[in-house]
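What follows is calculated from the coordinates using simple rules that are stated; it is not laboratory data. For clarity, every value in this text was computed on a predicted model and none was experimentally measured. Every residue, glycine as well, gets a Cβ built from its backbone with ideal geometry; the counts of neighbours run over all protein chains shown.
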């Protein structure tokens, strides 16, 4: 996969909500971490990004989690101790052997890693409830020959508001799968961990979970080096003002009318969708959460982001089909379907 996004932003015109940097009063109010003060690392700028993102919700706002520094200190690069502690979010899990689960975790000091949770499928297991999908947990892990083994687990956040609604938990599944597909094992990326943790909280309390996903997608793509160019033509470098353009997945961004008209594989973008996408890309979540996005614009944005991500991954995410099935059935899918995933 090629890097599609190292461009400066031009052509903002008089649209104040789209200018990079701090907005009016930004950085002086309270943060968005009222539910989880342990997430304190600022969100940075990923590879391929030249502009600075002002992230009000990434400021220090509470005491650090006792085990957070331990993931780096006890499990440093080099010699590892027999036991180590870390906080982690459970991205994926599957049956292993007769009573075990193989877990894919994302941890701030480790990145993505796989560990074995022994005996959690037994009815009396004390760890089973602490290693559910999307759970944010404290883990004590023993180093093994081929797979490290979870010896203790304690839930930090279970995200109950998400679990009360199938569509929201399907969005959480999508976010976890997206991060899983764009990351390699052992690549530490603290901003990605914080982004996923924030997203799980936001999916639980937002009135617009679709906007939460668009924010997550654009930030994640920036961190991993595929930030789409939304302000100038990726071919001729001409600034694209607030008008229609053509989004090209293979080019990693917008084409102007001259370069994009008649081009195969491009999606024409409406002025409203383009303005929303630009705003979500360059403004912090505290600002973006106030946006009012109508259903047609949401559908256009979702289709655009799906096409871009599908091109980058060379295939569609499994969770996309599940989300579409839920929408078609209007909530008629049983929880058993989700449990099997």
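log₁₀ I(q)/I(0) of segment 127-200 at q = 0.17, 0.20, 0.24 Å⁻¹, via Debye over equal Cα point scatterers, no solvent, to two decimals? Each listed q corresponds, in turn, to -0.78, -1.04, -1.28. Label sites at residue 185 and residue 292, each approximated as a point 7 angstrom past Cα along Cα to Cβ, lie 5.0 nm apart. As a proxy for reagent exposure, 251, 205, 294 were ordered by neighbouring Cβ count within 10 angstrom, fewest first; the result is 294, 205, 251. Sorting 118, 127 by the number of Cβ atoms found within 10 Å of their own Cβ, with the fewest placed first, yields 118, 127.
Of the residues 255, 147, the one with the fewest other Cβ atoms within 10 Å heads the list, and the complete ranking is 147, 255.
Distance distribution P(r), segment 161-339, all Cα-Cα pairs, bin width 10 angstrom from 0: 9, 36, 37, 16, 2, 0 percent. Divide the volume of the convex hull of the Cα atoms of segment 281-329 by its number of residues and quote the answer in cubic angstrom per residue. Dividing the Cα hull volume of segment 281-329 by its residues yields 111 Å³. How long is the gain from residue 102 to residue 158 if the chain were fully straight, where each residue apart is worth 0.36 nm and the alpha carbon distance is subtracted? Length gained between residue 102 and residue 158: 18.2 nm.
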